[in-house]
Amino acid sequence: MQVLKFKSDKVDTFLGSLFLVTAWASVLLLAALLLFLLLESWPLWSRVGVLSFISGQVWLPLSAVPQIGIAPMLVSTLWVAAGALVLAAPLGLACAAFLAEFAPAPLTAVMRPVLNLLTGIPSVVYGFLGAAVLVRFFEVSFDLPSGESLFAASLVLAIMVLPFIVANSEIALRSVLNDYRHTSLALGVSRPYYVMRILIPAARKGIIASMVLAFGRAAGETMAVLMMAGNTMFMPGSWFNQGEPLPALIALELGSASPGSLHYQALFAAGLVLLVLVILVNILLSSFLLPKGNEVKPF
């Protein structure tokens, strides 16, 4: 018994060290990426300034007098990513709760592989389907000259991030201790009440983590957004206007930008802003939405 306990302690120590090294490696990788983007874009920051770059509404990096501002692209990114999350989060959470608590085993065995398959479909395929179906639908149904819009891009992105929300939320729901479930059944609590008032609050951390992952996926998506958003560099006044999110801007122009030029540096600066935006969303959600103290409300 002592030999087995000694081996178990060694395994636990090894796994703990491995996880710690992996966590620090992830942090260092993120720091290296931020440093690389900052160094590549530093001449632009020193020349244009942070506030002027973020708040400027004109993007003419190749003109005689360059004007570089990404405010329209930044707002378009927020419309697209936040809109996709608004559309996908309720459906994804409902689907995760259904799989975790209500779905029979045969149905669950079919739905999980289908959801996993959706995560592996290339984004360009989603873009093709959106351009062929959604864009045409908006043009015909609403008599529009072009069906491309930030809303159409959000619809496609919502379908793309839905599997991430469902899979991670279901894992979070299933990780809740069975003691909550058994106590609820013993008290005669209905299954819907248990799910809404006990299970979901208890799994809130994992659910919010899935939403953060979905937002980051939507904010960084390139091809589907490039094909659906309309790619106009004007400040979008609503969700139903056309726009050009930051990933689309970078994908369209990086290949034609001369290395070391102001245009090249501006695109790296846009990538840095996009990465910082996703990090800030993670921090804000973790700070303000995660529960403090007891996560489960009393009956």
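Numbers at a glance
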{"read-out": "Residue satisfying condition, being free of Cβ contacts under 8 Å to residues at least 40 places away in the same chain and assigned by TED's automatic domain parsing to the domain that holds residue 137, within set 251, 209, 218", "value": "251"}
{"read-out": "Matching residues, segment 221-238, being within 18 Å of the chain's Cα centre (by Cα), within 13 Å of residue 78 (Cβ to Cβ) and assigned to a loop (DSSP other than H, G, I, E, B)", "value": "229"}
{"read-out": "Spans of helices (runs of 4 or more DSSP H) in segment 158-220 with at least 1 residues over 17 Å from residue 103 (Cα atoms)", "value": "178-186, 204-220"}
{"read-out": "In segment 43-55, the residues that are free of Cβ contacts under 8 Å to residues at least 12 places away in the same chain and part of a helix (DSSP H, G or I)", "value": "46, 50, 51"}
{"read-out": "Residues of segment 62-71 that turn out to be in contact (Cβ under 8 Å) with a residue 60 or more places away in the chain and buried (at least 19 other Cβ atoms within 10 Å of the Cβ), as a count", "value": "2"}
{"read-out": "Inter-residue pairs, beta-carbon under 8 Å, first in the same structural domain as residue 192 (by TED's automatic domain parsing) and in segment 84-113, second outside any helix (DSSP H, G or I), 6+ apart", "value": "111/103"}
{"read-out": "Candidates 76, 46, 63 - the one that is modelled with pLDDT of 90 or more and farther than 27 Å from residue 169 by Cβ", "value": "76"}
{"read-out": "Residue in segment 137-151 that is at pLDDT below 85 and either among the β-branched types (Val, Ile, Thr) or within 20 Å of the chain's Cα centre (by Cα) (or both) present", "value": "no"}
{"read-out": "Single unsatisfied condition, residue 38 versus (1) assigned to a helix (DSSP H, G or I); (2) out of contact with any helix residue (DSSP H, G or I) (no Cβ under 7 Å at 6 or more places or on another chain)", "value": "(2)"}
{"read-out": "Members of segment 160-194 that are out of contact with any Ser or Thr (no Cβ under 7 Å at 6 or more places or on another chain), within 28 Å of residue 113 (Cα to Cα) and surrounded by fewer than 20 Cβ atoms within 10 Å (Cβ to Cβ)", "value": "171, 174, 175, 176, 177, 178, 181, 191, 192"}
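Okay, residues lined up against (1) surrounded by fewer than 21 Cβ atoms within 10 Å (Cβ to Cβ); (2) within 21 Å of residue 281 (Cβ to Cβ); (3) of a type in the set (Ser, Thr, Tyr):
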residue	(1), (2), (3)
73	no, yes, no
77	no, yes, yes
83	yes, yes, no
89	yes, yes, no
94	yes, no, no
97	no, no, no
103	yes, no, no
108	yes, no, yes
112	yes, no, no
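Table: residues versus (1) in contact with a strand residue (DSSP E or B) (Cβ under 6 Å, 6 or more places away or on another chain); (2) among the polar types (S, T, N, Q).
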site	(1), (2)
70	no, no
76	yes, yes
90	no, no
94	no, no
99	no, no
111	no, no
123	no, yes
129	no, no
137	no, no
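The values are calculated or read from the model by the stated rules, or taken from the named source; none is laboratory data. Bear in mind that the values here come from a model prediction, so they are computed numbers and not experimental data. No Cβ is skipped: glycine too gets one built from the backbone with ideal geometry, and neighbour counts run over all protein chains shown.
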